[in-house]
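Below is one structure, written out as structure tokens, with a few remarks after it.
What follows is calculated from the coordinates using simple rules that are stated; it is not laboratory data. Since we're looking at a predicted model, the values are computed, not measured. All Cβ positions, glycine included, derive from the backbone under ideal geometry; neighbour counts span all protein chains shown.
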Amino acid sequence: MPSPAGPLTALALVAVALLSGCAERSHVLPAPPRPLFEQAFANPGDALDAAIAAHAEHLRVWDEVLADGGAGAERLEAVSTGRATAIVHAEASEFTARGYRTSGSTAIAAASLQGIRQPAGPDTVEVFLYLCQDVTELDVLDETGASVVDRELSPLTGYQLEFSAIAGRLVLSDKRYWTGSEVC
């Protein structure tokens with residue numbers, strides 16, 4: 001008569017073999033995805049550079065719209081969102097109503113990072129800047145081609161800008177005059 005230990009031993013060996021096979025496989029859950037701002041920006045300097053590049057592209061399109069007398073303001077929707085889009089549409093409409101157009105370009109004189117925020121999960125990021133905008137090389141012309149720029153005013157204007165990630169890239173989402181400590 002066979003010993004009852006034989007089948008139990010065989011069962012134990014099978015169980016050990018199965019368990020050891022499982023032990024060789026990793027059941028460690030993958031790390032959660034890194035937040036977008038960590039993926040996109042290795043350091044705060046990268047966030048600053050990305051926001052400056054996004055604003056430079058916004059200014060390039062903005063200068064084109066103003067050179068066209070405010071026509072085609074919908075082009076700005078590719079480089080802005082939210083409140084910023086509403087502001088630039090209103091400014092472009094005012095330009096059209098006055099019959100103005102521009103010649104030249106707007107420049108960024110200085111910028112500093114105010115902060116980075118991840119407001120709604122790992123796929124969102126906002127970057128905040130203080131920025132000094134320079135319109136020294138920009139002229140505003142009326143319908144006759146005469147300049148309407150008051151040369152007594154400073155060509156430098158300070159802004160507090162907010163950028164949001166849309167489709168994996170930063171776009172201007174808010175723009176406010178900065179009257180706090182000197183940016184320019």
I want to check the label-to-label distance for Arg176 and Ser103. Put each point 7 Å from Cα in the C-beta direction and report it in nm to one decimal. 3.7
What list of ³J(HN,Hα) couplings, whole Hz, do you get for segment 160-166 from phi and the Karplus terms 6.51, -1.76, 1.60, once you set θ to phi - 60° and write x for glycine and proline? 10, 10, 10, 10, 10, 7, 10
Spacing of the two label points (7 Å from each Cα toward its C-beta) at Ala53 and Cys184, in nm: 2.7
Excluding Glu57 itself, calculate the net charge of residues whose Cβ lies under 12 Å from the Cβ of Glu57, where each Lys or Arg counts +1 and each Asp or Glu counts -1. +1
Excluding Leu141 itself, what net charge comes from residues whose Cβ is under 13 Å from its Cβ, given Lys and Arg +1 and Asp and Glu -1? -2
How high is the relative contact order of segment 34-177? Use alpha-carbon pairs under 8 Å, at least six apart in sequence, and give a whole percent. 26
Once you list every other residue whose beta carbon is under 11 Å from the beta carbon of Glu126, what net charge do they have if Lys and Arg are +1 and Asp and Glu are -1? -1
Chymotrypsin sites (Phe, Trp or Tyr not before Pro), restricted to segment 153-184: which are DSSP loop and have at most 13 other Cβ atoms within 10 Å? none
